Amino acid sequence: MVRRSIAAGVGLLVLILLVLGVRGCLNARKESAVKDYGNDSAELLRASKLEGDQLFKLLQGQGGTDQTTSIINQLNAYRVESSELVDRANRLDVPGDLNGAQNELVEVLELRRDGFADITDALQVALGDQNRRQGSDDVAIQMQVFLASDIVDQKRFRPQLFDVLRDQDLSAPDLPKNGFVPDIEWLQPAFVADQVNALRTGTGGGGEAAPGLHGNGVAGVTLGGVALTPGGSASVQLSNDLSFEIQVQNQGENTETDVVVRVTVGDGGDADTQEETIDTIAAGEIKTVTIPLSKQPPTGQNVPIKVEVEPVPGEQKTDNNTLECSVIFTR
């Protein structure tokens, strides 16, 4: 009887040890799987961040028309690499507790993949000869997509990953410390347009403007056939098709590109600003830009008018780039 009791006790002890051993193995396996997933996901995000760094370095390069093909080829390479990162993410071994984090990781990388694809197409247009402004605007839109990927990464993926790592008493992997978008200025369409224009004209990355005199000026402005003079006041009858006709003269020695012409009607919060872009204007050439009066101005009072030709790279004399006057609109 005593022997049977001892044998039963030994058997129970062995069973307990086996259960503890199996449980320990399972825990160790789970801990290892969580750790591996954390390291693998961090590796993918580091690779994605490196692609982003290369993209923004490219966008701030000197550029030039002779570099357009090279730039697009590099962008296409980034597009392929970003798509491969999504494929790698989908092949990760994911512990059950991390399914939610995995979904967020894939979304981060998919947003960046889509951003690379669309920005490649947009920049190809922006660096071409037609629809440059639309292409530049589309590049700026993709910056919002990249920002969305940063938000999903920081606010959804990482918190879920860190919660599971803490449960396993594991430290966080080496994740990128900075976001994909390097600076908030890249979310400003005007800044992006300046970078794209510099990239197309070869004046980016600290590149110097072509030698010689640069500069444009306002050569004349009419509104509904009425001439507007600097500091003067004019009376203009309102109609449905009223437009500013702005003569811009290239007063330098170089052909200029992407010259922005802007009209502001009114001032303060009621001001309305419209602009158009001259694709190219040769030295000495005069081009006329038509900008419709898009917003109904008040009548019977002096309305401030400001016409501006944005300075081009290398332009030093800008006192003739602006015409300011006032108009009394009548019915």
- Task: Please give the peptides 268-281, 103-116, 186-199 ranked by average Cβ packing (other Cβ atoms within 10 Å per residue), highest first, as a rough proxy for protection.
- Result: 103-116, 186-199, 268-281
- Message: Name the residue from Leu170, Gly135, Asn216 whose Cα lies farthest towards the positive end of the charge dipole of the chain, charges +1 on Cβ of Lys and Arg and -1 on Cβ of Asp and Glu.
- Response: Leu170
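Go through 37-43, 178-184 and give me the packing order, highest mean Cβ count within 10 Å leading. Walk me through the intermediate numbers first.
Working: 37-43: 19.0, 178-184: 15.3.
Those peptides, ordered most packed to least, come out 37-43, 178-184.
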- Message: Please give me the summed charge of the neighbours of Asp150: other residues whose Cβ is under 13 Å from its Cβ, Lys and Arg +1, Asp and Glu -1.
- Response: +2
- Item | Inter-label distance for Gln144 and Asn39, nm, one decimal - labels placed 7 Å from Cα along Cα-to-Cβ | 4.1
- Query: trypsin sites (Lys or Arg not before Pro), restricted to the range 145-233: which are DSSP loop and have at most 13 other Cβ atoms within 10 Å?
  - Reply: Lys177
- Item | Dipole-positive endmost among Val259, Ala126, Leu238 within the chain (Cβ charges, Cα centre) | Ala126
- Of [x] 141; [y] 172; [z] 159, the label for volume of the Cα convex hull per residue in Å³ derived from the coordinates: [y]
- Note on the structure: Mean Cβ-within-10 Å packing, highest first, puts peptides 302-312, 227-237 in the order 302-312, 227-237
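Compute the projected area of the convex hull of the Cα atoms of the range 32-201, averaged over all viewing directions, and report it in nm² to one decimal place. Let's see the in-between values first.
Numbers: hull surface 36.6 nm².
Taking a quarter of the hull surface, the average projection is 9.2 nm².
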- Straight-distance crosslink candidates among lysines, where the alpha carbon sits under 24 Å from Lys177 and sequence neighbours closer than 8 are dropped: Lys35, Lys49, Lys57, Lys155
- Message: How big is the dipole moment of the chain about its Cα centre under a simple scheme where the beta carbon of each Lys and Arg is +1, that of each Asp and Glu is -1, and everything else is neutral? Debye, nearest 20, please.
- Response: 1760
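Please express the shape of the range 97-198 as an equivalent ellipsoid: the semi-axes are the square roots of 5 times the eigenvalues of the C-alpha gyration tensor, given largest first in whole angstrom.
Values: eigenvalues 241, 33, 14 Å².
Semi-axes, largest first: 35, 13, 8 Å.
Laboratory data are not the source of any read-out in this text; all were calculated from the coordinates shown. From a predicted model like this one, the values you see are computed outputs, not experimental measurements. Please note: Cβ atoms are built from the backbone with ideal geometry, for glycine as well, and neighbour counts cover all protein chains shown.
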